[in-house]
Every structure is written in structure tokens, then in C-alpha cells.
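**Q** Sharing a structure here in C-alpha cells format.
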Amino acid sequence: MRQATVYIDREALQYNLNRVKQLAPTAQILSMVKANAYGHGVKDCLTALSETDAFGVACLEEALEIRQLGDQHPITLIEGVFSIDEMQLAIEHNVECMVHHQQQLDWLYAHQQQYIAQNLKVWVKLNSGMNRIGFKISEIIEVIQKLKASGFTCVLTMHFANADVENHLLNEQQKNQFLAVKQACAPILASCCNSAALYQWPELNFDFVRPGIMLYGASPFADRTAADLDLKPVMTFTAEIMALNQIGVGEHVGYGSTFTAQKDTELAIVSIGYGDGYPRAFIDQNYVVINGKQRPIIGRVAMDMIAVDVTGLNAGIGTEVELWGKQRLVDDVAKANATIGYELLCRLSARPKRK
Ligand SMILES: *Cc1c(COP(=O)(O)O)cnc(C)c1O
């Protein structure tokens, strides 16, 4: 059988959740499990994250999947609902909504009694300079005061555009706006920290933190590794050697014949490709790990196969190859491919088997 396998280490997930607890001991934890738990498989992750206080997802479909799995944790839709019908469904399934524009407010007020009766919190988004979604500082205070006066429990929320950069100018603006609104609307629950912000600004942990990438043991920072942050990689992505091949000086490998051997080379053909979600376009030399050794990929990544230089390695058919995991960090594969770990994890295809 073709072997392309994603292993999920539930203990690593629990370890990383405990890291969040250490970093934000007084906050509740809204574990972000959007995009199928960052590609890890929401079903497996829910059980490992059972100690979390709540879950965060991007849309109602993701929330309903969690409910169908029988999980009763509070859930927040971080983009809110996309229609009034979804508002009704969200309430029926005990799912809390972000509101970030007037129409969502109208839908919320249309279901005011039921929403409040079920003790659901309203997450109100401040646009403090990222300029994706949210109410501007000039309008949000009135929005919140009206919600509070109508009996809603509100959580003031925002998202940093540069939480992974220590001294970005916009960070100060975003913090100051958030604190100003928080003060003007006091008392109010508050939440503004993703993984990077959790590490950078413990003083901003407030009532709810929203860790995503750190739960999965990847780094939100370009210059700090998972080990620097005391996180454990959760996903190990592997394949197997499916053929071996010898080439001599001047011979080429793969589509476009982009590689030309400068010496006699032993090649392993590995059963992985972009059809599995392995990235094709590397800008720096990319590596895999075989028998504990880093080995370079040779030529282009194809849909189902790659070639790896295994000269002198004594590798055989069926030998396991780590594409990313504990030996080769997903963040390093991402760097070699001009992207971030988040993207590689999320864009795995359905083809690899999951264990
Ligand atoms: C995805 C997301 C997070 C988690 O971000 P990480 O960088 O993965 O920790 C937090 N808050 C919001 C609103 C998000 O969309």
C-alpha cells in the first residue's frame, strides 16, 4: 500500500495546551480549531483538548461538526454568522457569535431574547488597524453600550496584525485603542491574544486567550523555533521509499530535468507529492529525514513522488521518510518554500492516511 501518513501526537497537544495555561494562568482558553484544527483533524484534537475552556472556529459548519461529535464546550464563531438563518442555527446549537458589522447586529437583535436566555456571550470585534473586519473605535463604544443596555454579555475582541514582530509601530496603536475601548465600556470581558501575543504581552491575556498555532507545536515567530518556545510538534508527516535508482554524472531527474548529477548518485523515490499537500515550489534546498539524517530533495516535486539523494545511506524500499515532524520542523520546510507552517499544515490533502 502507498504510504503517506499523518500521525497526530495527542500528548504533544496536551503538553502545548498546558504551556498556554502556564503563560496565561488567569485567562480562559479558547482553543482555535478552525480549518479542521489547522489540518490536524478536528475529531482527534477535540479529545486531546478536552481540558480547554472553549473552542474557536471560523464558520458555523465547523461549529456544527464539533457538536455532531458530541462535544458540548462553548464555541465561538470568530467571523460571526453569514445570514440571519445561521444566527438561528447558531443559537439552537449553543454557539456564540462575533459581531463585526451592522447587519450582524440586526440579526442578533432579531434573536435577542433567545440569545440572552441561553447565556451566550456576544464577541464584539474592534478594528484597531488591521483593517479586515470589525467596528472602528469611533463606533464600537456605542455598539457595546447598546448591547449591554439590552442585556447582552459582551466580550471586547481584536486581533493583532503584527503580534509576531516585537517592535512594530502598529502594535502600540492597536493596544492603545483596545485599552481605551475596554476602559470606556468597563466592566467588560476582553480577548486580544493569539499565540504570538500570548508570548509577547502577558499583561494583555485578560479574560480569554485564543491560541492556535502554538497548540499544534509550530512557531508563530520567524526567528524562534518550537523548542525555543517549549512547544512539541503535534503532527508527523511521513512517506516511504517506493523505489531506488542509480544515476551517473550528467544524468537528470524529474520533470523539466532541472537536476543534473555531478557525481554518481543513489536516488530514493518517495511516495509523496503535492497531491498530498507537500509543497512543490521550493526557493531554498529542501530536506527530508531518513534514518535520522537530513537528505536533500532532488529535482521537482511531482504530484505523487519526489526524489531524494540517499547516497551512502543504506536505505531500502519501505524505509520511512519524515517530511516534517519532530526531526524536520514544519516551520523549516515552510521557510524553504517561502511560506509559513500554518499554510503547510492546513493545506494537506485528503489523501494521506491519518493515525
Ligand atoms: C486564527 C485566529 C487566532 C489564532 O491565531 P494563531 O496565530 O494561530 O495563534 C486567534 N484569533 C483569531 C481571531 C483568529 O482568527
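The values are calculated or read from the model by the stated rules, or taken from the named source; none is laboratory data. What you see is a predicted model, and the numbers here were worked out from it, not measured in a lab. Please note: Cβ atoms are built from the backbone with ideal geometry, for glycine as well, and neighbour counts cover all protein chains shown. In case anyone asks, the SASA skips ligands and DNA or RNA and just uses the protein heavy atoms, side chains included. Shrake-Rupley method; radii C 1.70, N 1.55, O 1.52, S 1.80 Å.
**Q** Identify the single condition in (1) touching a residue at least 24 places away in the same chain (Cβ under 8 Å); (2) within 31 Å of the chain's Cα centre (by Cα); (3) assigned to a loop (DSSP other than H, G, I, E, B) that Val308 does not satisfy, given that it satisfies every other one.
**A** Unmet condition: (3).
**Q** Considering the range 262-285 alone, what residues qualify as being modelled with pLDDT of 95 or more and assigned to a loop (DSSP other than H, G, I, E, B)?
**A** Listed by number, the residues that qualify are Gln262, Lys263, Asp264, Ser271, Ile272, Gly273, Gly277, Tyr278, Pro279.
**Q** In addition: Could you pull out the residue among Gln145, Gln114, Gln177 that is free of Cβ contacts under 8 Å to residues at least 40 places away in the same chain and either away from the ligand (no atom under 16 Å from the Cβ) or in a helix (DSSP H, G or I) (or both)?
**A** Gln114
**Q** Looking only at the range 117-142, count every residue that is hydroxyl-bearing (Ser, Thr, Tyr) and free of Cβ contacts under 8 Å to residues at least 24 places away in the same chain and tell me the total.
**A** Counting residues in the range 117-142 that are hydroxyl-bearing (Ser, Thr, Tyr) and free of Cβ contacts under 8 Å to residues at least 24 places away in the same chain gives 1.
**Q** Tally up the residues in the range 1-35 that are within 13 Å of the ligand (Cβ to nearest atom), within 18 Å of the chain's Cα centre (by Cα) and touching a residue at least 40 places away in the same chain (Cβ under 8 Å), please.
**A** 10
**Q** Select from the range 36-46 the residues that are away from the ligand (no atom under 14 Å from the Cβ) and not hydrophobic (A, V, I, L, M, F, W, C) and write down the one among them that is most open to solvent (accessible area, probe 1.4 Å).
**A** Out of the qualifying residues, it is Lys43.
**Q** Continuing with this model, one more query. Evaluate the range 198-214: report whether one residue or more is touching a Gly at 6+ places or on another chain (Cβ under 9 Å), of a type in the set (S, T, N, Q) and open to solvent by 30 Å² or more (accessible area, probe 1.4 Å).
**A** So far as the range 198-214 goes, no, none of its residues is touching a Gly at 6+ places or on another chain (Cβ under 9 Å), of a type in the set (S, T, N, Q) and open to solvent by 30 Å² or more (accessible area, probe 1.4 Å).
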